[in-house]
1. Pull out all pairs, ordered by first then second residue, where Cβ-Cβ is under 8 Å, the residues are six or more apart or on different chains, the first lies in region 31-55 and is free of Cβ contacts under 8 Å to residues at least 24 places away in the same chain, and the second is surrounded by fewer than 15 Cβ atoms within 10 Å (Cβ to Cβ) and assigned to a loop (DSSP other than H, G, I, E, B).
2. I'm checking my understanding of the structure. Among residues of region 224-234 that are over 13 Å from residue 192 (Cα atoms) and part of a strand (DSSP E or B), which one is most open to solvent (accessible area, probe 1.4 Å)?
3. Among the listed residues 68, 27, 87, identify the single one that is over 25 Å from residue 166 (Cα atoms) and either open to solvent by 80 Å² or more (accessible area, probe 1.4 Å) or not in a loop (DSSP other than H, G, I, E, B) (or both).
4. Filter region 191-206 for residues that are out of contact with any strand residue (DSSP E or B) (no Cβ under 9 Å at 6 or more places or on another chain), in a loop (DSSP other than H, G, I, E, B) and of a type outside the set (Asp, Glu); which is most open to solvent (accessible area, probe 1.4 Å)?
5. Do we have residue 209 as open to solvent by less than 80 Å² (accessible area, probe 1.4 Å), assigned to a loop (DSSP other than H, G, I, E, B), farther than 30 Å from residue 82 by Cβ and among the aliphatic types (A, V, I, L, M) here?
6. Here is a list of conditions, (1) among the aliphatic types (A, V, I, L, M); (2) part of a loop (DSSP other than H, G, I, E, B); (3) open to solvent by 80 Å² or more (accessible area, probe 1.4 Å), and residue 104 meets all of them except one; can you say which number that is?
7. Quick check, is residue 253 at pLDDT 80 or above and open to solvent by 80 Å² or more (accessible area, probe 1.4 Å)?
8. Among the residues of region 30-52, which ones are touching a strand residue (DSSP E or B) at 6+ places or on another chain (Cβ under 7 Å) and open to solvent by less than 70 Å² (accessible area, probe 1.4 Å)?
Amino acid sequence: MTVRPLRFSRRTSIPLAAACVVANGLRETLRELLGAGCELAIGEPAAIPRDAWTILAADALLFLARGRPTDVVLVLPHADARRLVLRAFGETADGRTAPGYSTLEQHALARIAERCAAAFDPLCAERGGAVQPVSATQIPACVGYFDVRVSAPIALTLGVGIVRDLPAPAPAARLTSAHLADVGLEVHAEFAEGTIDAAAFFALAPGTLVRLDTKVGGPASLKVAGNRVASGIPGVVASRNAIRLHDVTGGNLL
């Protein structure tokens, strides 16, 4: 048997469903801006290391949408920004490769980013203020990232990064005892318990005597799904093992 070394893999807090909603909002926004239907694919949300984010942000325009519970950064690579603004002005490729933009182009890209920010509501529902262009030094890291790759009517990639982890989603509703009245539950009664080391465990054989920590006649525990819900005194009723409960804590499970 080979035991592989443990490896910690960090995961993003961006739910895939929320990323899909954002991508759909971006598609509709681009359809309105470009005057044509958009074909796109979404990349799976992932945690992004600081060094990877630094490389990604260095070759792109960044637009920050502040909100709660997180801020969202729209990442627009320079080559894609050039294609996008030329398409918005109805122009063809101008041959420029440097990431410089005219004042008019900067305003156009900022307005496009502002329109796209409306799609970020699933990630930062309480957006505040206008979207601001920022530099890579102002956003040193993002904890989660996914991209939206547009193939038509023009080819471009829009990156979406979140600055702070999203909170875990709360349960949609609280179940009451009435909801679970007809649900069957398997219960376990533990009359004794103890611990043994690994060497003793592998040496177990028929006839082995295992000493337990629980005293004979001590209190028993009633468990559901591994959780202790009650304790009581073990006994026998009608030739069957039974427990007379004297401490019930199961109400907190619902």
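The values are calculated or read from the model by the stated rules, or taken from the named source; none is laboratory data. Because the structure is predicted, anything quoted here is derived from the model rather than measured. Note that each Cβ is placed from the backbone with ideal geometry, even for glycine, and that neighbours are counted across all protein chains shown. Calculation scope for accessible area: heavy atoms of the full protein, side chains included, ligands and nucleic acids excluded. Shrake-Rupley method; radii C 1.70, N 1.55, O 1.52, S 1.80 Å.
1. Sorted first by the residue in region 31-55, then by its partner, the pairs are 31/37.
2. Residue satisfying both the conditions and the ranking: 228.
3. 87
4. 206
5. Taking the combined requirement at face value, the residue does not satisfy it.
6. (2) is the only condition that residue 104 fails.
7. Taking the combined requirement at face value, the residue does not satisfy it.
8. Residues satisfying the conditions are 30, 38, 40, 41, 42, 43, 45, 46, 47, 48.
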